[in-house]
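Novice: Quick one: the structure is below, questions incoming.
The values are calculated or read from the model by the stated rules, or taken from the named source; none is laboratory data. In this text, all values refer to a predicted model and were calculated from it rather than measured experimentally. Neighbour counts run over all protein chains shown; Cβ positions are idealised from the backbone, glycine included. With ligands, DNA and RNA removed, areas are computed over all heavy atoms of the protein, side chains included. Shrake-Rupley method; radii C 1.70, N 1.55, O 1.52, S 1.80 Å.
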Amino acid sequence: MLRKRCLIDSLVFLLTVPICFLVPSHAGQSSQVTGLGLNQHRIDYRDLGYAPGNLIEADNSKITSLITHPENGIVFGATSGKKAALFCFSPQYNHVRPLGYLPSGEGVHNALALAGDGMLYIGTGKDMTLEVELPRAWETELGTDHIVKTMWRNLKAEYSDYSAGRLFRFDPRRWAEMQYHADRKAEVEDLGSPVSGEGIYGLTASGDGKSLYGITYPSGHFFVFDIASSSFKDLGETWDEVIYAGPRKGLRTLPGQLVSGKDGACYFSVDRGRLVRYEPDKDQIVRLDAFIPGDFYPVHNDFETYHPAVECWTAGADGAFYGGTNEGYLFRLSTDELEITNLGKIRTSRRIRGLATGRDGRVWGIAGEDRIGCTLFCYDPGKGEFQHLGPVQVDRSPYYAWYPLRFDSATAGLDGTIYLGESDRKGHLYLIMPTE
Amino acid sequence: MIRTVSLISLFTTFVVQLMAVEPVERVAQVRVIEFPGREKPDGMWSALYAASSGKVYTGLCTHGGSALFFEYDPATDRNRLVADIGLFLGENGRGERTHGKIHTRFAEDSAGNIYFATGNQGSGPSRIDPWTWANKGALLFRYVPDENRVETVGLVTENWGAYGLVLDRRRNIAYLSCFDGHLYAFDLESRVSRDLGRINNWDVNRMIAMDGSGNVYGTYGDHQLWKYAVREDRIFDLSLQIPAKYAFRHIYRLGRPVMDRRYLWRYAEWVPSLGKIYGMEGGRSLLFEFDPHAGEEGTVRLIADMALKSQIESGNHPYSPLAVGFGPDNMAYYALVDRVFDYGAGEHATQSSSHTYLQSCNLVTGEKQMLGRLVSLDGRNVLGTGACEVAADGKVYLCGALEERDPERVAGKAAGVDPFRLQLMVWEGNHR
């Protein structure tokens, strides 16, 4: 019996080996298995340091801000977690270098800015990636909005003993002098807090380089930091209503990022998807007759107002701004005509979480919700075409392999590399090397 | 001529790899306890549990169908279908993707209630609208035996099914590792699920283990251990590694990386009598001991290499089965398949004509014993198993694929070749 079995096995083997060599092992897999439109060697990741030495530890490695230095191409990143950390990636040296923990703050949410003075500014707040713990015992007050009121009270209570998010300054020219210790404080200058009891939720440099603009959480104050005088100005709350538009439950809907044009004006979204503009010469926020795209849900019942918000921006190569919304729409904003063009929605899942403009003008983005997983897409303004590239999976096994699910930041390198910041526990810096 | 061809082939190392039958032909006979009904579940992993009541619970998976929850009562010697999950949830007949799998080992609370969680995990059907699964996920169930009542406790996470499940009886919290590589804490009182963070890649945290203090453990990366420290409410990646002898998986395919469950533990369980965690490494069938309370991070010890002789000689190791059980006498039982077995999975690495060998090992002395090739009392071959449990009376329960000769009862074909049906089996010692 055994001998017969060996004989059969041997014959099967002898017959199948030549066939194996004739059939390409990877045939059709790149598209069928993952839907990726990029060859795998164009996707890779870097750990945030080296595990036995200076790795930013797993709980503090959720990358929530990225920015590229326009002159030397170094990518700076900041994380959220138990403690917020600063790091940089030098494409020339191909290493992530931890620059230390920020002296305070659990998160840096879309709050890295390179200003006209050549300095890197970092705004801190709480870790905004965490799921919000919602109150289970609803109070007994009447009214349609009693749940919202309870949630808001709960949120305010969470911040009742919170001092404030801080603004820090780091000289990016000093990155090479740093000791690259993940467990030491970063050598940054503390510039103070914009609004007491509020975290910094978004930060950008003005187009003219003179100021920083920011938004706070949970109350949505808009603030201006004047670099020359090193002083803050709080312009107050920007949203009329407390909205929980989702898809993240319990997170108050506020603009996740702001953008500024060369004239120094700053754009962001408020209630009802309306776009507003801060005009620095008049020092005022103007409500524009421009609305970002949103979805319609059956539950809206024809009488409810909906409240899409911008989660991320990128400055396009064509002079326009491209924005991504919490509902997953990509749109184009022409600031000259104040015209918003709805470019569409790449997935059924909501959220555009990061955008970056590549060297060839294509807009790269990350779409998807936490519990569904993110995918990569790019939009070609020249062709008006979306390309959905699927999950950003790296498999260099047996050396390393990782299937990321959550990203919350993106930036483009000077050489055309797209960098994505994974915002899960055990976050990695992802590199996409597109073909042009 | 035939002899010549055969001899030439045997001289090649490749043929050595293809030799599957373990030379030890001792037989371990198992008694089959039929699952009633006409359903044809086609896979089972981990979902077997010998409860303190003496009853044995089984969860069977049906790809593209419904998970089935059974109770075996030794007093009546009968298996009983407690719940067809699809029917229970009202999913059947709606053209939706369904809770086709129970992939967790069962957990028991101090009142004797039984917990498990469901999922879809590749169960498909791939030709049904995927969005029909979008708001489903790891659903936690409780079975109250005294009232013969099954209830849903809550959704642990959307979209992703559950794998590992342990219960902190003192704090009334269920911990689950899910298909998204995250660890979740589900508070059984408030019924609120909390995401504790990412612990590892892909779906490979099949089993998690809890020590006597309520800390939860699993593996990540290259055989490394993580710990959820309940006091700190935080996951720590330890520098400790479980024993490893590298056996690469010779498949390079996206979504199925080489660094998969072979680099982790496959099975792990807290053994109260010894106050330590015992488990099976995933790539080489290495039985290990992990003492979480010794030293700074704990200590790890190799107890025994449980791989079959033919596997060690050929270097061809299937990933370790989940069929590991620990007896009251501090004995480990391990049902190891000789070839790559995964029920009816079409993955090209699976091999037909597999056999399963039951071994035991003393957890203290490391002395191991080959108990024999598993066959039913009527001589049918056990192709592979997905779980092993040792009851308080020392009986060893196994669940998996038994050769099925009746075409009407065939539930699947292992490696696309060998007809099987899922069966609950019990090994009561080598008396014959």
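Novice: May I ask you to work out the translational diffusion coefficient for the stretch B:152-194 at 4 °C, viscosity 1.567 mPa s, via Stokes-Einstein with Rh from the Kirkwood sum over Cα pairs, reported in whole µm²/s?
Specialist: On the way: Rh = 10.3 Å.
Diffusion coefficient, whole number: 126 µm²/s.
Novice: If you wrap a convex hull around the Cα atoms of the stretch A:85-126, how much volume per residue is inside, in Å³? Can you show the working numbers first?
Specialist: On the way: hull volume 3.7 nm³, N = 42.
Normalising the Cα hull of the stretch A:85-126 by residue number yields 87 Å³.
Novice: Summarise the long-distance tail of P(r) for the stretch A:397-436 by giving the % of C-alpha pairs beyond 12 Å.
Specialist: Values: 471 of 780 pairs.
The share of Cα pairs beyond 12 Å in the stretch A:397-436 comes to 60 percent.
Novice: Starting from the amide H of A:L235, placed 1.01 Å from N in the peptide plane, find each other amide H under 5 Å away whose residue is 5 or more places distant or on another chain.
Specialist: The list, which skips near neighbours in sequence, is A:F222, A:F223, A:V224.
Novice: For the stretch A:30-418, what is the charge dipole size about the Cα centre, in debye to the nearest 20, if Lys and Arg each add +1 at the Cβ and Asp and Glu each add -1 at the Cβ? Spell out each step's value before the answer.
Specialist: Numbers: 40 positive and 51 negative charges, 176 e Å.
For this selection, approximately 840 debye.
Novice: Calculate I(q)/I(0) for the stretch A:171-213 by the Debye formula, one identical point scatterer on each C-alpha and no solvent, and give its log10 at q = 0.17, 0.28 Å⁻¹ to two decimals.
Specialist: Reported log10 I(q)/I(0), two decimals: -0.77, -1.05.
Novice: Same structure, new question: Mind computing the radius of gyration and Dmax over the alpha-carbon atoms of chain B? Å is fine for both.
Specialist: 20.6, 74
Novice: Output the 0 to 90 degree angle, nearest 10, between the alpha-carbon long axis of helix A:2-22 and the longest principal axis computed from the alpha carbons of chain A.
Specialist: Once rounded, the angle reads 60 degrees.
Novice: Where does the stretch A:30-418 land on Rg/Rh, using Cα atoms and the Kirkwood Rh?
Specialist: Numbers: Rg = 20.2 Å, Rh = 21.3 Å.
Ratio of gyration radius to Kirkwood radius for the stretch A:30-418: 0.95.
Novice: Decide, for the stretch A:287-385, between rounded, prolate and oblate: order the square roots of the alpha carbon gyration tensor eigenvalues as a ≥ b ≥ c, take rounded if a/c falls under 1.5, and otherwise choose prolate if a/b is larger than b/c, else oblate. Walk me through the numbers on the way to the answer.
Specialist: On the way: a/c = 2.24, a/b = 1.23, b/c = 1.82.
It is oblate, given that a/c is not under 1.5 and a/b is not larger than b/c.
Novice: Just for the Cα atoms in the stretch A:164-293, what are the lengths along the principal axes, largest first, rounded to whole Å?
Specialist: Sorted largest first, the three principal extents are 49, 37, 27 Å.
Novice: Taking the Cα centre of the protein assembly as shown as the origin, how large is its charge dipole in debye, to the nearest 20, when only Lys and Arg (+1) and Asp and Glu (-1) carry charge on their Cβ atoms?
Specialist: Numbers: 92 positive and 107 negative charges, 504 e Å.
With Lys and Arg at +1 and Asp and Glu at -1, about 2420 debye.
Novice: Around A:D127, what is the net charge, scoring Lys/Arg as +1 and Asp/Glu as -1 over all other residues with Cβ under 10 Å from its Cβ?
Specialist: On the way: positive: A:K62, A:K82, A:K83, A:K126; negative: A:D59, A:E106.
Computed value for this residue: +2.
Novice: Using alpha carbon centroids, what distance separates the stretch B:141-166 and the stretch A:302-352, in Å?
Specialist: Distance between centres, Cα-based: 40 Å.
Novice: Return the Rg/Rh ratio of the stretch B:81-230 with Cα-based radii and a Kirkwood Rh. Write out the running numbers ahead of the final one.
Specialist: Details: Rg = 15.2 Å, Rh = 15.7 Å.
Rounded to two decimals, Rg over Rh is 0.97.
Novice: Going by Cα centres, the stretch B:410-424 and the stretch A:214-270 are how many Å apart?
Specialist: When both Cα centres are located, 61 Å separates them.
Novice: How far is the Cα center of the stretch B:331-384 from the Cα center of the stretch A:140-184, in Å?
Specialist: Spelled out, the Cα-based centre of one part sits 54 Å from the other.
Novice: Between A:R42 and A:M433, how many nm apart are label points set 7 Å from Cα along the C-beta direction?
Specialist: Simple spin-label model gives 1.1 nm for this pair.
Novice: Which percent of Cα-Cα pairs in the protein assembly as shown sits in each 20 Å bin, short to long?
Specialist: P(r) for the protein assembly as shown, in whole percents per bin: 14, 44, 31, 10, 1.
Novice: On to the next question. For the stretch B:99-185, compute Rh as the Kirkwood radius over C-alpha pairs and then the Stokes-Einstein diffusion coefficient at 10 °C and 1.306 mPa s; write the answer in µm²/s, rounded to an integer.
Specialist: On the way: Rh = 13.3 Å.
Translational diffusion coefficient: 120 µm²/s.
Novice: Additional query: To one decimal place, what orientation-averaged projected area in nm² is obtained for the convex hull of the Cα set of the stretch B:292-408?
Specialist: Working: hull surface 39.4 nm².
The directionally averaged projection comes out at 9.9 nm².
Novice: Another question, if that's okay. Along its three principal axes, how long is the stretch B:38-108 when you only count alpha carbons? Whole Å, largest extent first please.
Specialist: Result, largest extent first: 39, 21, 19 Å.
Novice: Among A:Q179, A:Q387, A:Q284, which one shows the biggest mean-square fluctuation in a GNM of chain A, springs joining Cα atoms closer than 10 Å?
Specialist: Among A:Q179, A:Q387, A:Q284, the largest GNM mean-square fluctuation belongs to A:Q284.
Novice: Average the reciprocal distances over every distinct pair of alpha-carbons in the stretch B:164-241, invert the result, and give the Kirkwood radius in Å.
Specialist: Values: mean 1/r = 0.0807 Å⁻¹.
Over the stretch B:164-241, the inverse of the mean reciprocal pair distance is 12.4 Å.
Novice: Which of the listed residues, B:A247, B:Y115, B:G295, is farthest toward the dipole's positive end in chain B, when Lys, Arg count +1 and Asp, Glu count -1 at the beta-carbon?
Specialist: Of the candidates, B:A247 comes out farthest on the positive side.
Novice: Now for a separate question. Give me the angle, in degrees from 0 to 90, between the Cα long axis of helix A:146-158 and the longest principal axis of the Cα atoms of chain A, rounded to the nearest 10.
Specialist: Tilt relative to chain A: about 90 degrees.
Novice: Write down the accessible area per residue of the stretch A:30-418 in Å², having rolled a 1.4 Å probe over the full set of protein chains. Please report the intermediate quantities before stating the final value.
Specialist: Values: 15940 Å² over 389 residues.
Each residue of the stretch A:30-418 exposes 41 Å² on average to a 1.4 Å probe.
Novice: Considering only A:V96, B:F341, B:Y143, whose Cα is most displaced toward the positive end of the charge dipole of the protein assembly as shown, charges sitting on Cβ of Lys, Arg (+1) and Asp, Glu (-1)?
Specialist: Among A:V96, B:F341, B:Y143, the one farthest towards the positive end of the dipole of the protein assembly as shown is B:F341.
Novice: Would you mind giving the total buried accessible surface between chains B and A, with a 1.4 Å probe and ligands, DNA and RNA left out, rounded to the nearest 100 Å²?
Specialist: Working: alone 18140 and 20660 Å², together 35020 Å².
In total, chains B and A hide about 3800 Å² from solvent.
Novice: What value, in deg cm²/dmol to 500, does the helix sum -39500 (n - 2.57) over DSSP H runs of n ≥ 4 give at 222 nm once divided by the residues of chain B? Present the calculation step by step, with values, prior to reporting the outcome.
Specialist: Values: 4 runs with 26 residues, N = 432.
Taken over chain B, the calculation gives -1500 deg cm²/dmol.
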